[in-house]
Amino acid sequence: MTKDLYRLMALMTGDEKHGPAATSTLDAIWVLYDRVLRVTPKTVDAPGRDRFLLSKGHGPMAYYAVLAAKGFIDEALLPGFGAYDSPLGHHPDRLLVPGAEIGSGSLGHGLPIGVGTALGLRAQGLTDARVWVLIGDAEMDEGSVHEAIAYAGPAGLEQLHTVVIDNASARYGHAGGIAARFEAGGWSVRTVDGRDHDALYEAYTAPHPGRPHVVVARVEPKNA
Amino acid sequence: MDTMRERFISTASRLLDEDPRLAVVLADISSDGFKETAQKHPDRVINVGIREQLLVGAGGGLALAGMRPVMHTFASFLVERPFEQVKLDLGHQGVGGVLVSAGGSYDWPAGGFTHMAPGDVALLDTLDGWTVHVPGHPDEAETLLRRAVQGDDLVYVRLSLPSNQQARPVTGAGFLTLREGHGGVVVAVGPMLDAVLAATEDMDVTVLYATTVRPFDDAALRWAAGSPDRADVVIVEPYLAGTSTAAANDALNDVPHRVLGLGIGRAELRRYGQIEEHLAAQGLDPVSLRARIGAFLRPAG
């Protein structure tokens, strides 16, 4: 499957070989859409669907490739990536991309939006629906991410999930570790190899009653 | 009489009982007022703490999940501090929400400039699709709030401590004609009305009253301007002076016209004190308004 995702990504980049930066999110997103999220092209508007919010909107080729592989968008759109009349920009726009839950690009917006989405689902009794937000380790430089982390724990937002793609790209790192930030905020925490599909799946599906859940997916350092 | 902020709390509390789609999001400010309601509706009265980026971001998420979010704090922390969230987490996501602010431009002068937001309406003017209500009385605030929560659009309700002696009917979205004259048009926005009426008491002017400033009521201004060969318009706003001058110019773009925009100056006063002292210092008390409006409308030469 990964081979086909690389082929789909190549339709956007014109390059069969992709460096670690372009594919840092690929395995994490693929395992979510393939094995975890209960959403299909037919249920993109269903109130009780699971939701995946790509907060780190930069470098969305892996995301678009997965959306194409799962039938949310037509593969034929991929070569137009970034063109004026293409729905597929270098940062996704939810009004243009079927299946995209949010428009992103400016860092630090997805997790607060995910908090509100989880609150909204809970308030409507849609307690089976899960919200997944993908952020990057450098995105955690943004203070808004920490506003969301600090609130979601005490609020007991069990429906909220975060996957942090850690490619060690934060300028000053995160002293004490990324997982520790979430743990101190009252989250359930797993740290795994972000290339290991079974490990990702196991971490994604670990029970976390009464608490939000984060999976820190470690991949190759961006500047190694 | 209660304040507009108190009326917001009582009205929103009742609306939460009536409309299961409604959620009130707070960032500590006014959370005491919502204490009882929060016990009744724990999932729909949400206090995120002193986190204004999260306040608006969570509001966007609630809207994406199908709710109607009402986000509330002081104007400076609702519009200015999380402005990118207002721009991206609501407008850019294609969802709506209701921002309800307190504090305005000078409600707590002793609190100083950190708690003043004279630029809030001008900032929202850089974005598409916002309806902006500036009620001048708690009764008007209640009507406008009830209207705001019904839709799915982007609405800003700017509440303030000062209010006019009596409420005016809030019928449609347009300006209300309170007086007709021939020597010019004065548009009074929200809590500026009483001072404008006092200042123009013996002037031969048309006085329009605006509680909804966006969309701007082009038709009312064109009608009030009357003569097709000349229009003199004064707009008195309780926020940054000139905020609606461009809107008035657009409304009158095929009529020779002059517009005087009165409101809060850009320069910081760096003074504390009382509301009345600030209004006087900004030239918005009846005596100052009378002199400034009179000088502008007086025929040259």
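Side notes on the structure shown:
- Taken over region B:238-272, the criterion of being acidic (Asp, Glu) and either farther than 16 Å from residue B:220 by Cα or in contact (Cβ under 8 Å) with a residue 60 or more places away in the chain (or both) is satisfied by B:268 alone.
- The set of residues from region A:86-110 being surrounded by fewer than 19 Cβ atoms within 10 Å (Cβ to Cβ) and out of contact with any Gly (no Cβ under 9 Å at 6 or more places or on another chain) comprises just one member, A:98.
- Failed criterion for residue A:45 (all others in (1) within 14 Å of chain B (Cβ to nearest Cβ); (2) without any contact (Cβ under 8 Å) to a residue 40 or more places away in the chain; (3) touching a His at 6+ places or on another chain (Cβ under 9 Å) hold): (3)
- Per-region count, region B:185-199, residues in a helix (DSSP H, G or I), at negative phi and surrounded by 15 or more Cβ atoms within 10 Å (Cβ to Cβ): 8
- Counting only strands (runs of 3 or more DSSP E) wholly contained in region B:68-184, the ones carrying 1 or more residues that are small (Gly, Ala, Ser), over 12 Å from the mean Cα position of the chain (by Cα) and under 19 Å from residue B:29 (Cα atoms) occupy B:97-102.
- Subset of region B:45-59 (residues that are β-branched (Val, Ile, Thr), more than 16 Å from residue A:106 (Cβ to Cβ) and either at the interface with chain A (Cβ under 7 Å from one of its Cβ atoms) or under 22 Å from the mean Cα position of the chain (by Cα) (or both)): B:46, B:48
- Within region A:196-224, being part of a strand (DSSP E or B) and either under 14 Å from residue A:131 (Cα atoms) or among the aliphatic types (A, V, I, L, M) (or both) holds for A:213, A:214, A:215, A:216, A:217.
- Comparison of A:214, A:219 shows that the only residue that is under 18 Å from residue A:2 (Cβ atoms), touching a helix residue (DSSP H, G or I) at 6+ places or on another chain (Cβ under 7 Å) and either crowded, with 21+ Cβ neighbours inside 10 Å or among the hydrophobic types (A, V, I, L, M, F, W, C) (or both) is A:219.
- Checked against (1) within 14 Å of another protein chain (Cβ to nearest Cβ); (2) in contact with a Lys or Arg (Cβ under 8 Å, 6 or more places away or on another chain), residue B:102 passes all but condition (1).
- Selection within region A:132-146 - within 8 Å of chain B (Cβ to nearest Cβ) and buried (at least 21 other Cβ atoms within 10 Å of the Cβ): A:144
- Hits in region B:75-89 (condition: more than 10 Å from chain A (Cβ to nearest Cβ) and not basic (Lys, Arg)): B:75, B:76, B:77, B:78, B:79, B:80, B:83, B:86
Every read-out reported here was derived from the displayed coordinates using simple, explicitly stated rules and does not represent laboratory data. Worth saying up front: this structure is predicted, and the values here are computed from it rather than measured. Positions of Cβ are generated from backbone atoms using ideal geometry, with glycine treated the same way; all protein chains shown enter the neighbour counts.
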